[in-house]
């Protein structure tokens, strides 16, 4: 849209030949075009899905460094506005269709000539503007009627202006005619003098599916029981320090003649790239009915009615931003669709939407809604933004259930979780439950209860006496230290792990776990305690010295004998055939020597499978040599004959030496 500053505005519609070409348009001015500054007031761009961008002249200057204006001096300029020569108004006429006011107008322009269309504006008793467009004939005359709806209110109607334009673009509003015009008094027995009533108005924000950017959602309810609602118009002022304004028709039904008495309205406005993050404030919310009654609700009016008058919409303004933080007000925080974001809600009841990427969502206090969106997203129960000390929330006792989509505590409030895969909690005694997805749950300090539920989950108890239950799926328990740092005791339903290093993993009870991941290696349950017997003869069952000793020795012997070519899970029952220290056996020192020599010389190398591999085994055996059964007989360690079988991990003279010594 462009205009000669202070004169008529004109919309033009540039086109292009193909998607690769720029938009172009050329405006042919009238030979009598007036002198002045011709300026672009607004540029609106709309794609095929209806998403619109809009930039005013200030934005064109500041954001694009454009000069959206030019000056024109025309020696043949028509700089004189047209004149209204005659105006007559007669008494109103009532019929079944409505109310008609006969009018006569005549105008003239002495140089460029009149444009045929002109606008008559009438003010209703409530002060609303009622406009009708008509056309002059070739002599600049019009004789016709100004029509009003049949429910028009009784009272005084006055003509406010007649807008006449000449071919050069000069405009006359003819307000001076108002001083001499008569006021029309209408007494309408069907008159509707009551404007629409607003019952509810809400502001919300969500991702716009067309643009991937935030959009504001306007919703509510209004009624007008006689003539019906014809229009709802909203203006939002943009963030402080900007000249942005968001104008939109929320609802329109001006011409149907059958306007609804009650309207549940729902409307969206995308915050495309021309809009900035911040607080959007209601300037006015205008309702009009079919009788032309009008009422405007300001932001203060909405506050007094306990309805929404502002919305905080916070999102990335620059691609480099990865932290989006709210304050103590009710905030709507949006991550990016192509970045890993950190969203912090702060106080009040916030809405956090991660979008794409692997996001961290920290709700803060209040009853919040957190939607991770696409990617692998983590819910943080603590205010870890406050570096250097623990916040109150970090010591809160939190109940998080990803299956139910809830997170509840005294400090957090009651939160709703959507599309969240992982949990990171703080120092309280927390109860954390996963979902059918593959979850990772880190409990932090405190005596916590972790339940993976479905999926292949990863659980870490950290400091404190924790209970870890894997649930369905192949679940992994994470530990901070090496295997040798833990005292491991089999239980009826799993294992008890006690970290022997102070202030680290504490003492944890594990159930329904399939994988145990330490800093130096990863083991399966049967590798911790395959038989639950006292294999090392120290009068106690220990998962480390008994279970690991047997499974490691058996694996090494079978590899050396060539009877195990793959590392498939070993049936527990077969372990009894490999070693039985309660019998009478000898020469265990020879077995130890050969194993240690083979490992120390690098003859037995690391396997690339998921089972206990041989490189890890040598660490365990070196720690356990002093507890290996002294009465074991080497030949009884071999489950099958065949001393000359090939050994894949040993070659040359070393191969034959190891075979001979074990056969």
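The values are calculated or read from the model by the stated rules, or taken from the named source; none is laboratory data. Model, not experiment: these values are computed from the prediction. Here Cβ is always computed from backbone atoms with ideal geometry, including for glycine, and neighbour counts include all displayed protein chains.
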### Query
So is residue 191 modelled with pLDDT of 95 or more and in contact with a strand residue (DSSP E or B) (Cβ under 9 Å, 6 or more places away or on another chain) or not?
no
### Query
Residue check: is residue 137 part of a loop (DSSP other than H, G, I, E, B) and within 25 Å of residue 30 (Cβ to Cβ)?
yes
### Message
Consider the range 343-358. How many of its residues are more than 9 Å from the chain's Cα centre (by Cα) and within 17 Å of residue 326 (Cβ to Cβ)?
### Response
8
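Table: residues versus (1) crowded, with 20+ Cβ neighbours inside 10 Å; (2) modelled with pLDDT under 95; (3) assigned to a loop (DSSP other than H, G, I, E, B); (4) not assigned by TED's automatic domain parsing to the domain that holds residue 334.
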residue: 367; (1), (2), (3), (4): no, yes, yes, no
residue: 370; (1), (2), (3), (4): yes, no, no, no
residue: 375; (1), (2), (3), (4): no, yes, yes, no
residue: 386; (1), (2), (3), (4): no, yes, yes, no
residue: 394; (1), (2), (3), (4): yes, yes, no, no
residue: 403; (1), (2), (3), (4): no, no, yes, no
residue: 416; (1), (2), (3), (4): no, no, no, no
residue: 420; (1), (2), (3), (4): yes, no, yes, no
residue: 423; (1), (2), (3), (4): yes, no, no, no
### Query
Which condition number does residue 315 fail, the rest of (1) at pLDDT below 90; (2) closer than 20 Å to residue 274 by Cα; (3) within 13 Å of the chain's Cα centre (by Cα) being met?
(1)
### Query
Given the structure, is residue 124 surrounded by 13 or more Cβ atoms within 10 Å (Cβ to Cβ), within 18 Å of residue 182 (Cβ to Cβ), touching a residue at least 60 places away in the same chain (Cβ under 8 Å) and not assigned by TED's automatic domain parsing to the domain that holds residue 231?
yes
## Note on the structure
For the range 72-102, the count of residues that are over 14 Å from residue 137 (Cβ atoms) and either part of a strand (DSSP E or B) or touching a helix residue (DSSP H, G or I) at 6+ places or on another chain (Cβ under 7 Å) (or both) equals 14
### Task
Could you tell me which of the residues 399, 360 is modelled with pLDDT of 90 or more, in contact with a strand residue (DSSP E or B) (Cβ under 9 Å, 6 or more places away or on another chain) and buried (at least 20 other Cβ atoms within 10 Å of the Cβ)?
360
### Summary
Note on the range 304-328: residues in a strand (DSSP E or B) and surrounded by fewer than 19 Cβ atoms within 10 Å (Cβ to Cβ) are 310, 323, 325
### Message
Condition first: touching a strand residue (DSSP E or B) at 6+ places or on another chain (Cβ under 6 Å) and touching a residue at least 40 places away in the same chain (Cβ under 8 Å). Now tell me which residues in the range 459-470 satisfy that.
### Response
459, 461, 465, 466, 467, 468, 469
### Task
Taking residue 27 as the residue in question, decide whether it is at pLDDT 85 or above, within 51 Å of the chain's Cα centre (by Cα), assigned to a strand (DSSP E or B) and over 30 Å from residue 208 (Cβ atoms).
no
### Summary
Per the filter on the range 216-231, residues part of a strand (DSSP E or B) and either surrounded by fewer than 18 Cβ atoms within 10 Å (Cβ to Cβ) or at pLDDT below 95 (or both) are 217, 219, 221, 223
### Task
Consider residue 51 carefully, then state whether it is surrounded by 13 or more Cβ atoms within 10 Å (Cβ to Cβ), touching a strand residue (DSSP E or B) at 6+ places or on another chain (Cβ under 9 Å) and closer than 30 Å to residue 215 by Cβ.
yes
### Message
Anything in the range 477-496 that is part of a strand (DSSP E or B) and under 39 Å from the mean Cα position of the chain (by Cα)? List them, or say none.
### Response
477, 478
### Task
Give the residues of the range 360-376 that are more than 9 Å from the chain's Cα centre (by Cα) and within 15 Å of residue 324 (Cβ to Cβ), sorted by residue number.
360, 361, 362, 363, 364, 368
### Message
Looking at the range 272-293, can you tell me whether even one residue there is surrounded by fewer than 19 Cβ atoms within 10 Å (Cβ to Cβ), at positive phi and in contact (Cβ under 8 Å) with a residue 40 or more places away in the chain?
### Response
yes
### Query
Could you list, in sequence order, the residues of the range 433-475 that are crowded, with 21+ Cβ neighbours inside 10 Å and not in a loop (DSSP other than H, G, I, E, B)?
433, 441, 450, 451, 459, 460, 466, 468
### Message
So in the range 192-209, with the set limited to residues that are part of a loop (DSSP other than H, G, I, E, B) and under 13 Å from residue 261 (Cβ atoms), which one is nearest to the chain's Cα centre (by Cα)?
### Response
196
